[in-house]
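The values are calculated or read from the model by the stated rules, or taken from the named source; none is laboratory data. Keep in mind it's a predicted model, so treat the numbers as computed, not measured. As a convention, Cβ positions derive from the backbone with ideal geometry for all residues, glycine included, and neighbour counts pool all protein chains shown. Heavy atoms of the whole protein, side chains included, go into the accessibility calculation; ligands, DNA and RNA do not. Shrake-Rupley method; radii C 1.70, N 1.55, O 1.52, S 1.80 Å.
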Amino acid sequence: MSPISERPAAALASLAPGFPEPVRDAQTTFRAVLDAMARPGRIRRVTAVPGLDRPLSCAAAAVLLALADHDTPVWLDRVSAPALPYLRFHTGAPLAIAPDKATFAVIGDPAAMPAPDRFALGTDAYPDRSTTLVIEVETLSAEPATGWRLEGPGINGAAHLAVTGLPAGFVAARAALAPLYPRGLDIVLTAGDRLAALPRTTRITPEG
């Protein structure tokens with residue numbers, strides 16, 4: 001085998017594996033994301049992706065393995081960019097050249113996250129043509145009286161979600177999009193093997 005043909009084989013061999021059981025794990029993760037979107041603030045655990053702990057958490061990798069494909073451009077920030085070969089190999093998703101061209105945007109460094117209006121917000125006629133943000137955070141927990149109080153569709157009264165690793169202006173920047181509804185951004189927060197969702201309809205009030 002020539003050196004030219006050896007290099008692609010070596011590159012493929014160095015990629016972390018995807019789901020242990022692709023069909024079952026993808027379906028389980030898909031249901032977990034749907035449940036998290038239907039019940040904002042509820043924390044779900046996903047199947048661990050073997051051998052992958054950077055630059056994507058297990059939860060972020062699982063979300064993309066389950067949802068991304070060749071029709072869903074993915075935008076990666078500086079921290080998550082090294083995951084491009086992994087995502088291309090396992091999902092076939094193309095790289096979005098700009099945040100507003102992405103179906104999914106992966107934010108590995110929330111402190112440097114682009115402003116919300118840099119992403120696709122959808123249109124009044126097609127609000128689903130917006131970017132879903134997958135934001136890596138430090139921790140997720142459902143502690144009452146700390147973190148956030150969540151209200152809106154899918155929540156009976158109020159839910160509580162404590163998140164660390166987001167910039168101080170995150171809540172205000174997200175709230176500024178509310179008048180644009182039905183346009184907006186849906187968000188999946190990931191930490192380790194945990195995820196929680198913030199649909200565009202969810203209202204956040206800081207607590208504590």
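Summary of computed values
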| item | result |
| --- | --- |
| Count of the range 20-32 residues which are open to solvent by 50 Å² or more (accessible area, probe 1.4 Å) and not aromatic (F, W, Y) | 8 |
| Residue that is surrounded by the fewest Cβ atoms within 10 Å (Cβ to Cβ), among those in the range 69-92 that are out of contact with any Gly (no Cβ under 9 Å at 6 or more places or on another chain) and touching a residue at least 40 places away in the same chain (Cβ under 8 Å) | P85 |
| Among residues of the range 38-68, those that are within 23 Å of R200 (Cα to Cα) and open to solvent by 50 Å² or more (accessible area, probe 1.4 Å), counted | 5 |
| Matching residues, the range 130-148, being among the charged types (D, E, K, R) and at pLDDT below 95 | E143 |
| Some residue of the range 172-194 being in a loop (DSSP other than H, G, I, E, B) and of a type in the set (F, W, Y) | yes |
| Residue check for D35: open to solvent by 40 Å² or more (accessible area, probe 1.4 Å) and either assigned to a helix (DSSP H, G or I) or modelled with pLDDT of 95 or more (or both) | no |
| Residue list for the range 113-129, restricted to those being modelled with pLDDT of 95 or more, open to solvent by 70 Å² or more (accessible area, probe 1.4 Å) and under 18 Å from G169 (Cβ atoms) | R118 |
| Subset of the range 43-97 (residues that are in a loop (DSSP other than H, G, I, E, B), out of contact with any strand residue (DSSP E or B) (no Cβ under 9 Å at 6 or more places or on another chain) and among the hydrophobic types (A, V, I, L, M, F, W, C)) | A48, V49, L52 |
| Hits in the range 115-126 - residues which are touching an Asp or Glu at 6+ places or on another chain (Cβ under 8 Å) and over 11 Å from G184 (Cβ atoms) | R118 |
